[in-house]
Amino acid sequence: LLLFCPALQQYFLLLQMKEFLLAAKEPLLPGMPERHSLWPSAWRRTGTPALLATYLCFSMSGPILLDWVKQHHGGSFRFNIAAITFHAYTFATTLGIGWTLLNKRDPVAALNRPDMVWRFCIASSLFTAGDMLAFTSMQHLDAGTFSLVGKSLSIIVMAGLSRIILFKRQTYLEYGLVCGIAMSTVLFCQQELEARVSHGLPARSSQGNDWFVGILQRASAVILTSLGAVFQEKLLTYDPSVHFLMQQAWMGCGALATSFCVLRFKHGMATVELFRGFDDWRVLVMLAFYVAHGLSAGLLVKRLGALSKALCVPITLGGCYVYSVATGSAALSIGAVAAWAASVGLIAFFGYTRTAATRKKVSR
């Protein structure tokens, strides 16, 4: 109903925007008191369960909507990849500037922070480059491979970057759980591939060099977006007074410049190409969900950290796998379901160990 009813789409997006604004009102930053309740009181007050559910929903819808649009466009995209990121960050930048105008006495002085602008521009440029590579790789990969490669690699990359850049040390048990989550995700990929071959389905969406190019693009996209998420988290500790929506305005500056330069100078296209292909309502639905996913992902990084975001995304494999089975691009396998269940269980145990450690620290 949501995909085919414009009125429901507008109501849903307005409802989610309200949740974003309420959740961004009280960001969870290192300088604030630590929340040590597992769920009932502190998490419910800060909207963390709703944020997690929203992020998982939009993260799951991303590859599904991409594959849906690609199928209706004859196996390719009619729009330019840079145009998607350009319009998405245009909306995010407008939202941030609008919030600043309504809530700051001197909005020009609040936004005129060159020291923050260039830092957030670096993070947004990494996000934008990663998003464009992810969109491009989808032309060579099916939805299942797109998600499996991205999710399994992002766990390891995010854990390593958090240790190198943020100097976040985990316990040996937590590092073991991270490796176990990555291994169970790889096992899921292997079991799904074996089931696909045994049922006579094609093992790849493309053959030869196209498939390897898609894998390389997807892996590069994961590395760039992971770097952007880690730098974004580091910026929030650099100045705890930064509001989430002001951050979106600063990030939009770098993202808009990156998208426009890629369109004009890398692809050599005219500015009018920014609007080609957007006469299809399916593309507009995908764009709306992409914007909502970006906002929920940024808020999740701000509240819980980049590693928590990476550990959340394997849960979306379930929805993508169900979609692949329903569309006939994957085969149902008990081994794949068991591997996914093991991954989710390890993620839950990781969250329990972190919560227990926080409670122990607070009790001291």
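The values are calculated or read from the model by the stated rules, or taken from the named source; none is laboratory data. From a predicted model like this one, the values you see are computed outputs, not experimental measurements. Heads up, the Cβs are rebuilt from the backbone with ideal geometry, glycines too, and the neighbour counts pull from every protein chain shown. Heads up: the accessible areas ignore ligands, DNA and RNA and are worked out on the full protein's heavy atoms, side chains in. Shrake-Rupley method; radii C 1.70, N 1.55, O 1.52, S 1.80 Å.
Assuming R0 = 45 Å, what is the FRET efficiency of residue 322 and residue 105, from their Cβ-Cβ distance, to the nearest 0.05?
Numbers: r = 50 Å, r/R0 = 1.11.
Taking R0 as 45 Å, the efficiency between residue 322 and residue 105 is 0.35.
Sort largest first and round to whole Å: the equivalent ellipsoid semi-axes of segment 44-114, each the square root of five times a Cα gyration tensor eigenvalue.
Values: eigenvalues 211, 91, 11 Å².
Equivalent-ellipsoid dimensions as semi-axes: 33, 21, 7 Å.
Give me the distance between the Cα centres of segment 223-270 and segment 66-143, rounded to whole Å.
8
Go through 70/309; 70/266; 168/360; 104/302; 168/309; 234/309 and tell me which ones have a Cα-Cα distance over 25 Å in this structure.
On the way: 70/309 27 Å; 70/266 23 Å; 168/360 18 Å; 104/302 21 Å; 168/309 15 Å; 234/309 15 Å.
Check vs 25 Å cut-off fails for 70/309.
Rounded to the nearest 10 Å², what accessible area does residue 302 have for a 1.4 Å probe in the complete protein model?
10
Averaged over every viewing direction, what's the projected area of the C-alpha convex hull for segment 83-185? Give it in nm², one decimal, please.
Values: hull surface 37.7 nm².
Over every viewing direction, the Cα hull of segment 83-185 projects on average to 9.4 nm².
Return the inverse of the average 1/r over all pairs of distinct C-alpha atoms in segment 232-287, which is the Kirkwood hydrodynamic radius, in Å to one decimal. Please list the in-between numbers first.
Numbers: mean 1/r = 0.0723 Å⁻¹.
Kirkwood hydrodynamic radius for segment 232-287: 13.8 Å.
With viscosity set to 0.692 mPa s and temperature to 37 °C, compute the Stokes-Einstein D of segment 266-364, Rh being the Kirkwood radius across alpha carbon pairs; µm²/s, no decimals.
Working: Rh = 17.4 Å.
Answer, rounded: 188 µm²/s.
Highest first, please rank the peptides 168-181, 62-75 by the mean number of other Cβ atoms sitting within 10 Å of their residues.
Details: 168-181: 15.4, 62-75: 17.9.
Highest to lowest by the protection proxy: 62-75, 168-181.
Using a simple spin-label model with points 7 Å from Cα along the Cα→Cβ vector, what separation in nm is obtained for residue 272 and residue 118?
Going from the residue 272 label point to the residue 118 one covers 3.8 nm.
Can you tell me the order of 314-321, 104-111, 251-258 when each peptide is scored by its average per-residue count of other Cβ atoms within 10 angstrom, highest first?
Values: 314-321: 21.5, 104-111: 12.1, 251-258: 23.0.
Order by mean packing, descending: 251-258, 314-321, 104-111.
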